[in-house]
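The values are calculated or read from the model by the stated rules, or taken from the named source; none is laboratory data. Note that this is a predicted model, so its numbers are computed, not measured. Reconstructed Cβ throughout: ideal geometry from the backbone, glycine too, with neighbour counts over all protein chains shown.
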Amino acid sequence: MKEAIIYNLKELVEDLAASDDLKREWEDFLVNLADAFSSEDKDERIKELFKNLLDFADADALIRGIELLNSRIGGFPFIEMLKFAVEALDGIRKEKETRLRELNDILAELATPIIRIWQDILLVPLIGTLDSHRAQNMAEKLLERTASTRAKIVIVDVTGVPMIDTIVGGFLIEMFNAIKLLGSDVILTGIKPEIAHTLVKLGVDFNMVIIKRDLESALKYAIGIAPDKSDRKHGRKRGDGDEE
């Protein structure tokens, strides 16, 4: 097998590539493939060669290369090579999917920052379209952050959100309930008429959240009540032990 590939190397390279750069890549691949057939770790080496080949050749070029080798080289293990090609393509696909998920997670985190603006206060400024996936991801991260920081107040600012549908509204209501169960207050601010209509339609309990017109009002309110909540947690009344 090795001798046959080396003997036909020049013709194979000419048929596989047009540019000099691609010819060099294919030549290196074919020489290494010829060596791999006689190695003890043949399967692993061939798998790695196919994976590296996909750095400069697409799937169609890879399949054409295997078909060309099969037509020119007697006894070429066509089915086995196709299997290696499929495994290499599947590996590349999985790597791309993993990387895409990682990038989506990074984008989601950047799009929904959770800012600790005070010792006991978290701010979540929402911007852009809020779909169910983003809402669920935000809810999970916010609950984790609320618990880890022991925040007393969570401000959710929806000024930058153009619309919230009933599905996303349902996620938000569940999130508000969960935050309340953690012992924290929720302040919702920046509500547009369309969003207010959705929340009313869903039957949200407005005793569950504190509504403020804008972020400035929410911050003033939160900073004002944060000490009271901290005192109550430690069994103190406002003024106990305070200096005059």
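Structure values in brief
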| quantity | calculated |
| --- | --- |
| Val186 vs. criteria within 21 Å of Val209 (Cα to Cα), among the aliphatic types (A, V, I, L, M) and in contact with a Phe, Trp or Tyr (Cβ under 7 Å, 6 or more places away or on another chain) | yes |
| Condition met for Val161 (touching a strand residue (DSSP E or B) at 6+ places or on another chain (Cβ under 6 Å), free of Cβ contacts under 8 Å to residues at least 60 places away in the same chain, assigned by TED's automatic domain parsing to the domain that holds Tyr221 and not small (Gly, Ala, Ser)) | yes |
| Tally, over region 172-226, of residues that are in a strand (DSSP E or B) and acidic (Asp, Glu) | 1 |
| The lone exception for Leu49 - which of (1) touching a residue at least 24 places away in the same chain (Cβ under 8 Å); (2) of a type outside the set (Gly, Ala, Ser); (3) touching a Phe, Trp or Tyr at 6+ places or on another chain (Cβ under 7 Å) it fails | (1) |
| Residue within region 58-66 that is outside the structural domain of Asn137 (by TED's automatic domain parsing), over 30 Å from Arg134 (Cβ atoms) and β-branched (Val, Ile, Thr) present | yes |
| Any pair with Cβ under 7 angstrom, 6 or more apart, that starts in region 79-90 at a residue that is assigned by TED's automatic domain parsing to the domain that holds Leu53 and ends at one that is not hydrophobic (A, V, I, L, M, F, W, C) | Phe84/Lys47; Glu87/Lys47; Ala88/Lys47; Ala88/Lys51 |
